[in-house]
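The values are calculated or read from the model by the stated rules, or taken from the named source; none is laboratory data. These numbers come from a predicted model, not from an experiment. Here the Cβ is made from the backbone with ideal geometry for all residues, glycine too, and neighbour counts use every protein chain on show. These area figures cover heavy atoms from the full protein model, side chains too; ligands, DNA and RNA do not enter into them. Shrake-Rupley method; radii C 1.70, N 1.55, O 1.52, S 1.80 Å.
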Amino acid sequence: MMLLSLFLLGMAQISLAATCFEGTGKAANVKQAWALREQICGRNACANSDAARGNNKYCNLFRYYNSGQSYVQIERNDPSGKYKNCWDALENILQQCLDNPNGGGFKNNMPNGNWRFGDEWYWIHINNNVTPGAPTGSDGKQYVKGPNRYCRGLAHGGGQACVDIPKGCYIVVPIDNVTPSVKCGHLQSHNHTVMTPSIVPKGPWTTSLNWDLHATLDGETRTPFRHHIRAGQQQTDSSNGNFLQFWHLPLELQQHVFSFCDGATLWQLMRMSSTTRDEAKKLFWSDPTTRYHIYGWWLLAGGFPGHTHDDLEALARMQYVEVDFDGVISILSSGWEDGELKFACKSADLPKNYAEQQTARFWTTLRRRFPRIIDVVLSDERSDKPGAPAPNELTQLAEGSPQGISTGVSCFQLDHKRHARPMSRHLWRQSRSDGNPSTWEVVDAAWTRRSVLPPLKEHSGPVGQYRRLIYEESDHYMYSHYARQLLSIQATEAYYLHTRQAPCVCPFPDCGLQFKLPGQWAAHYVSADAAHEGDVPLPPCETLRAAFEHHDMSMKLMLQRIDDERARMREEWGDVGSQQRNHVKKQFLQQLRDDALYAGEKAPEESSIWRHYQRDMDDKLYTYG
Ligand SMILES: [Zn+2]
């Protein structure tokens, strides 16, 4: 999903003016707004709020200072969840409205400004005179549970009208002057039969926790290639002695045996014997149960080597691939340049056959990078209501697929509840009947697959060092970060069902429902709504808590290592005009010129890699002060 390289995050493809309200000028403590911007765009500060909401389409964060008398609030909204203009949009608002030394002054204590492009928008408020009782909480939301009465801020001026909140119900404290709706019934929901989600793995969790688990925000797991080829390795190693007899079997028998091997064993076989290498290799890359995960934006942008972290030689062998378009605003009516989105418009504004050309370009690129591909699923993480047809842009793109490539499309299906986390993923395939127009039919209503991240390219040289940093920060850290929620789900169930041999107790405050069978508590969590916000509370077990503390510490260390590496590179970058700076520049550009692994669409000096690198080294991507 959702993870995209800083290539996309940092790009400045669209520059639009912000709209300022209550005047313009340099607000007191505007530094706080720059800092919150960095937390949101660069440090994923919305993660908890996103996890609680079940998607990352909207986020609203507050940062209090001045002993709680002042705060800055940033809201962001993007139905695609990608926030491609996060850095630039917030910078525009700050420079034009709130940190503008040439402004005409503010009319009151609450200057604010917004920036909008289509459905992607950002809003910054600075409030230097907070009234008591303003909303707080990690996501800026506050919940009031019944029995209670809520009165503040209902009408303009506030404080007059009230709503009664019965027992077992709650409201979300509104930020604007709107009447909150009373939500009830969650605590009774255990009587309902919950649909078992197929997104979040269900267990039973009998194995130990995999602290290197990778997952998406929605709870789908991804297997890094290094794990894919390591699974079961021990068995292979320990049986080497007996295994020698195997080589005396006739070749066709050996091949028959190979067909039962898992990926890890085949990977070992490819390295053990030259006689069987070809057969093992063929079987390894043609395993239909393994789907290699590829970013759709990379192929739309021309599939240039410099813009991916994947090993291109490995891609060329893959036969079963999933192309993930999560976060791509307009698949068929977008324009790309050197790995960056240049425009995404309504198809009416483009030449008539633009979508057909885009489709043809996509398949040509896919064929070039994956010459052996036989089956591809075009997927998205957009959620559709139950019963919705296959996403139109995906089927249109799929219908342009060349002969010999079987093509499916896939996206999430929501439960009937509005904010529920996605419950399952549909897979559609085209049914062709002679003479009739083709239709797309659901062939799997709860599609799962072993989603494997391709092997990493060997990043080397100055460009490689920088690209590795970006990979660690975006993909590696984020996949590990999102997996923590799955680990707590697993730990909770394992603790009760296996360690205590007792029903699993939902650990969220005021819930306490109990579940006897494996998977039931995960299903309950996935279908639960606002009352199950934030991190899953850990069960009352010291060993587990210590293990999670240790894990959290290693995640912090991972960020620390990234910061240290960046600091080291900035040190090396040196001062403007220095000999050191010139030397580093020369080497970086030289590698861009000579190294095919980093080839892009443009000359080194005009390339996006070079632009992002300079901005990053000049500290313009990450800190303001
Ligand atoms: Zn619960």
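Taking only the C-alpha atoms, wrap a convex hull around region 521-567 and report its volume per residue in Å³ as a whole number.
Dividing the Cα hull volume of region 521-567 by its residue count gives 106 Å³.
Amide H neighbours of residue 377 under 5 Å, counting only residues 5+ apart in sequence or on other chains, H built in-plane at 1.01 Å?
So residue 377 has HN proximity to 321, 322, 323, 408.
Using the Cα gyration tensor of region 306-386, with a ≥ b ≥ c the square roots of its eigenvalues, what is the shape: rounded (a/c below 1.5), prolate (a/b larger than b/c) or oblate (neither)?
It is prolate, given that a/c is not under 1.5 and a/b is the larger ratio.
Structure shown: which of 352/385; 82/352; 84/620; 585/620 lie over 26 Å apart, alpha-carbon to alpha-carbon?
As for pairs spanning more than 26 Å Cα to Cα, those are 352/385; 82/352.
Sort 478, 423 by heavy-atom solvent-accessible area, probe 1.4 angstrom, most to least.
Putting 478, 423 in descending order of accessible area: 478, 423.
³J(HN,Hα) across region 495-511 via Karplus (A = 6.51, B = -1.76, C = 1.60, θ = phi - 60°), whole Hz, x for Gly/Pro?
4, 6, 6, 9, 6, 8, 6, 9, x, 7, 9, 4, x, 6, x, 6, 10
If you take the beta carbon distance between residue 361 and residue 596 as r and set R0 to 30 Å, what does 1/(1 + (r/R0)^6) give as a FRET efficiency, to the nearest 0.05?
Calculated transfer efficiency: 0.90.
With the contact rule set at Cα under 8 Å and sequence spacing of 6 or more, what percent relative contact order holds for region 81-133?
33
Taking the Cβ of residue 360 as the centre, find all other residues whose Cβ is under 14 Å away and add up their charges (Lys, Arg: +1; Asp, Glu: -1).
After counting each charged neighbour, the total is +1.
Ignoring everything but the protein chains, give the 1.4 Å probe accessible area of residue 543 in square angstrom, nearest 10.
110
From largest accessible area down, sort 214, 125, 498; use a 1.4 Å probe on the protein chains.
From most exposed to least exposed: 498, 125, 214.
Once you place label points 7 Å from the Cα toward the Cβ at residue 560 and residue 545, how far apart are they in nm?
My value for the distance between the label points is 2.3 nm.
Taking the full set of protein chains and a 1.4 angstrom probe, give the accessible area of residue 121 in square angstrom, rounded to the nearest 10.
Rounded to the nearest 10, the figure is 50 Å².
Which Rg and Dmax, in Å, describe the Cα atoms of region 461-617?
Rg and Dmax of region 461-617, Cα atoms, are 23.5, 69 Å.
Could you compute the net charge surrounding residue 405? Neighbours are other residues with a C-beta less than 11 Å from the C-beta of residue 405; K and R count +1, D and E count -1.
+1
Let's test the formula: R0 of 51 Å, r as the Cβ-Cβ distance of residue 375 and residue 583. What FRET efficiency results, to the nearest 0.05?
It comes to 0.60.
Tell me the relative contact order for region 290-448 as a rounded percent, counting alpha carbon contacts under 8 Å between residues six or more apart.
With pairs under 8 Å counted, the relative contact order is 19 percent.
Shape verdict for region 290-448, please, from the Cα gyration tensor: rounded (a/c under 1.5), prolate (a/b greater than b/c) or oblate.
rounded
List, in order, the whole-Hz ³J(HN,Hα) value for each residue of region 457-463 obtained from phi through the Karplus relation with A = 6.51, B = -1.76, C = 1.60 and θ = phi - 60°; use x for Gly and Pro.
5, 7, 6, 9, x, x, 5
Just reorder 476, 228, 583 by solvent-accessible area, largest first, 1.4 Å probe, all chains present.
583, 476, 228
7 Å from Cα along Cα→Cβ at both residue 615 and residue 444: what's the point-to-point distance in nm?
Label-label distance for residue 615 and residue 444, simple model: 3.8 nm.
Give me the accessible area of residue 78, 1.4 Å probe, in Å² rounded to the nearest 10.
10
Using modelled amide H (1.01 Å from N, peptide plane; none on Pro or chain starts), what sits under 5 Å from the amide H of residue 326, excluding residues fewer than 5 places away?
Those qualifying (amide H under 5 Å, at least 5 residues apart or on another chain) are 296, 381.
Explain nothing, just compute: Karplus ³J(HN,Hα) = 6.51 cos²θ - 1.76 cosθ + 1.60, θ = phi - 60°, for every residue of region 580-591 in order, whole Hz, x for Gly and Pro.
Couplings: 4, 4, 4, 5, 4, 4, 4, 5, 4, 5, 4, 5 Hz.
Specify whether the C-alpha gyration tensor of region 343-408 places it in the rounded, prolate or oblate class, a ≥ b ≥ c being the square roots of the eigenvalues: rounded for a/c under 1.5, otherwise prolate if a/b is larger than b/c and oblate if not.
Oblate, because a/c is 1.5 or more while a/b does not exceed b/c.
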